[in-house]
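Beneath this line is the structure, given in structure tokens, with notes to follow.
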Amino acid sequence: MSFTPYTSAPPAGRREWTALAVLLLPCLLVSMDVSVLYFAVPFLTAELKPSSVQQLWILDVYGFVLAGLLITMGALGDRIGRRRLLLSGALLFGLASGAAAYAQSAGMLIAARALLGIGGATLMPSTLALIRNLFHDAKQRGKAVAIWSTAVTGGIAIGPVLSGVLLEHFWWGSVFLLNAPAMVLLLVCGPLLLPESKNPAAGRFDLPGSLLSLLALLPVVYGVKEIARDGLAAAPVLALVAGLAAAAAFVHRQRTARHPMLDLELFRHRGYRVSVLLNLLAMFAIVGCAVFFTQYLQTVRGMSPMEAALWNLLPTLAVGGMAPAAAALAQRTDRAHVIALGCLIAAGGFVWLSWLEPGSALWFVLTASAVYASGLVVVMSLGNELAIGLAPPERAGSASAVLESGTELGGALGMAVLGSIGSAVYRGDLGGALPAGLPAAAADAARETLAGAAAVAGALPGRAGETLLTAARAAFTHGLQAAVLVAAGVMVCAAVLALTLLRGLRGTGVEGESDGGAVDGVPQGGAVVAGVEGGVPGV
């Protein structure tokens, strides 16, 4: 099979790379805001005195709103301009950060966090879409997306560390004020460095489609998170069913609307839809296991939150160069092999962690974490770059938003599925180790979480408390072992998917500028696509 030759795209210069540095600010801060609040909860609880329900909403409303609006904001950026949307979102994000920092009540903080979610939903797809329009050369775009992916994953790890440092010296609201200077810098530099880009043929904004996307994603993410936290119950199950029904209605709307907000033609690209799926699976593994890893350091090993956050940062720093290295390697060999290798490295790291014991050496834990993190960074960075490279520039906003939505959903699923597996193993192991005569309420608290067991053990006299705590730590570690083995199996399946469905997509799959008319690597209507050999069946 032969293809029409392509003309090499012009390389990016100093201006574009400087613009990339500016774009890293919002994606770093948006990802940090997912985790920066964890250590601040005890402090703001003491001052604002939220109810238990309000406390949950303070933690969750940011992620709910962010996930629900990603597709809407991606489509909006394609219509009004990604730079305009980015700068508007930066202004909202900065103002909402100030409102959150100085909130005088739990209700005010919840509202401010919701506004932060709206701002975050404008920033994430806009940054990736602008990268698509800044870097037309495939090799440079691969490096740029790799750097972007490293910033996103690094922000999640850095958030707790900065939170711990600030909380040692300032009040709880200081964790939000980190955003303000960065947003000011973005508002000043953005108009000077970032070119405006949009889809001139996008048509009118699809308001019904936007509402359906919100009604699809919000209940699904809510239901998954609630099941992860409290187990199966009527409300989250109904939310899942309602969300899936809305998702079906959304797909029908996009197929029939005159001006759909999401071009379903993107999913005819084998590389694009497989990349979305691989991103989801990678985030499933990393978020689902990160929950156990943090608890292991604090509750099993007895570290303070700040100490645990600092040690947790080491694996992230150790793998900082993996994304650029993977991008460079993918230019020299079939990216399916590189992505599959990343999946298998991650699986190996998870299998390594399955040998973890309560008294294992710290280097053992950190090295295993660095191994699985290295593999997942490779998968996510190359998946992002491939998907964005396949999307035509005028649809980059929608393509980025779908990627980010899959990432959010993968994290929620990982927390639910792997969390439920670990909890089931923990409860099963601990059930037979509870002291005789323990009150029912104390027994329930001990079976619920490791932290609950530690609290109960602290109230027991003599060796009874020590025995219970030792058994609880062993049960938790066993649950962690089960969860990481499931994560390893998921990554092995992801490796098979990559080898089977991405084989033949060399480099970025698309060299130069393409009109996106290729289906499964085959040009349609004169599209110019290079670097694809043979036809591989689609999903």
Need the C-alpha centroid separation for the range 256-283 versus the range 287-302, integer Å. 34
Using only the alpha-carbon atoms of the chain as identical scatterers, what base-10 log of I(q)/I(0) does the Debye formula give at q = 0.08, 0.11 Å⁻¹? -0.51, -0.97
Can you classify the range 218-266 as rounded, prolate or oblate using the Cα gyration tensor, where a ≥ b ≥ c are the square roots of its eigenvalues, rounded means a/c under 1.5, and otherwise it's prolate if a/b beats b/c and oblate if not? prolate
Roughly how many Å is it from the Cα centre of the range 76-116 to that of the range 426-496, as a whole number? 40
Computed helical MRE - 222 nm, the chain, DSSP H runs ≥ 4 contributing -39500 (n - 2.57), nearest 500: -25500 deg cm²/dmol
For helix 335-353, what angle does its Cα long axis make with the longest principal axis of the chain, in degrees from 0 to 90 and rounded to 10? 0
Equivalent-ellipsoid semi-axes of the range 75-203, from the Cα gyration tensor, Å, largest first: 29, 19, 12
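Calculate the translational D of the range 384-475 in whole µm² s⁻¹ from Stokes-Einstein, where the hydrodynamic radius comes from the Kirkwood formula applied to all Cα pairs, the temperature is 10 °C and the viscosity 1.306 mPa s.
Values: Rh = 16.1 Å.
In µm²/s, the coefficient is 99.
Between their Cα atoms, which of K143/K225; K143/K198; K198/K225 are more than 29 Å away from each other?
Values: K143/K225 34 Å; K143/K198 23 Å; K198/K225 34 Å.
Beyond 29 Å: K143/K225; K198/K225.
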Where in the range 352-405 are there chymotrypsin sites (Phe, Trp or Tyr not before Pro) that are in a DSSP coil and have at most 11 other Cβ atoms within 10 angstrom of their Cβ? W355
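Counting other C-beta atoms within 10 Å, and keeping those with at most 14, which DSSP coil trypsin sites (Lys or Arg not before Pro) do you find in the range 172-249?
Working: sites: K198, R204, K225, R229; in loops: K198, R204.
Within the range 172-249, the qualifying trypsin sites (Lys or Arg not before Pro) (loop, at most 14 other Cβ atoms within 10 Å) are R204.
Count the net charge of all other residues whose Cβ sits under 14 Å from the Cβ of A106, scoring Lys and Arg as +1 and Asp and Glu as -1.
Working: positive: K49, R113; negative: E47, D60.
Its environment carries a net charge of 0.
Fewest first, what order do C343, C27 take by the number of other Cβ atoms within 10 Å? All intermediate terms of the calculation are to be shown ahead of the outcome.
Values: C343 29, C27 22.
Placing the least packed residue first, the sequence is C27, C343.
We did not get these values from a lab; they are worked out from the coordinates using the rules stated. Model, not experiment: these values are computed from the prediction. We place every Cβ from the backbone using ideal geometry, glycine too, and count neighbours over all the protein chains shown.
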